[in-house]
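The values are calculated or read from the model by the stated rules, or taken from the named source; none is laboratory data. It should be emphasised that the depicted structure is a prediction, and the values quoted were computed from it without experimental measurement. Don't worry about glycine lacking a Cβ; one is built from the backbone with ideal geometry, like all the others, and counts go over all protein chains shown.
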Amino acid sequence: MEQTYLPTQGRLIAENLLTMQTFKNIKTNIKKWNPQEKKILEGHLENLPAWLKKYKLTEILRGDIGGNPLNPAAAIPLTKTLLIFDHFFKSPNKQDIIIHEISHIAIYDIDPDTIEEFSRASG
């Protein structure tokens, strides 16, 4: 399996159409990255807040849609996989999308009391 590591983050961008992942509730076709897409994503991963940069993703995959054409991305916390869909590249808030998705992975590191406190504070 040919893969490319982003130089500053050590994050894995899958270069091929093969993955060992099986997806539940996400209907997508995995496709190849183009160089411009990789450059855009690398820039946004580089600018993550420090507390999110510590989460090392096992794979970053490029899909067409995630079941809904307006869905820009998805995260699979169990395998620490990030899926980037077509709509991501049309969205003006790419950094917010990446932060949102990686937060799905980060939430598992937060202790139960903090989660409960956050839940009460956020309604």
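A few comments on the model shown:
- Count - residues of the stretch 78-106 that are surrounded by 12 or more Cβ atoms within 10 Å (Cβ to Cβ) and farther than 25 Å from Asn34 by Cα: 4
- Matching residues, the stretch 62-77, being more than 14 Å from Ile102 (Cβ to Cβ) and among the hydrophobic types (A, V, I, L, M, F, W, C): Ile65, Leu70
- Residue check for Asp113: without any contact (Cβ under 8 Å) to a residue 24 or more places away in the chain and among the acidic types (Asp, Glu): yes
- 3 or more residues at pLDDT 90 or above: qualifying helices (runs of 4 or more DSSP H) within the stretch 11-123: 35-46, 94-106
- Given (1) under 17 Å from Asp96 (Cα atoms); (2) surrounded by fewer than 13 Cβ atoms within 10 Å (Cβ to Cβ), number of the condition Asn29 does not satisfy: (1)
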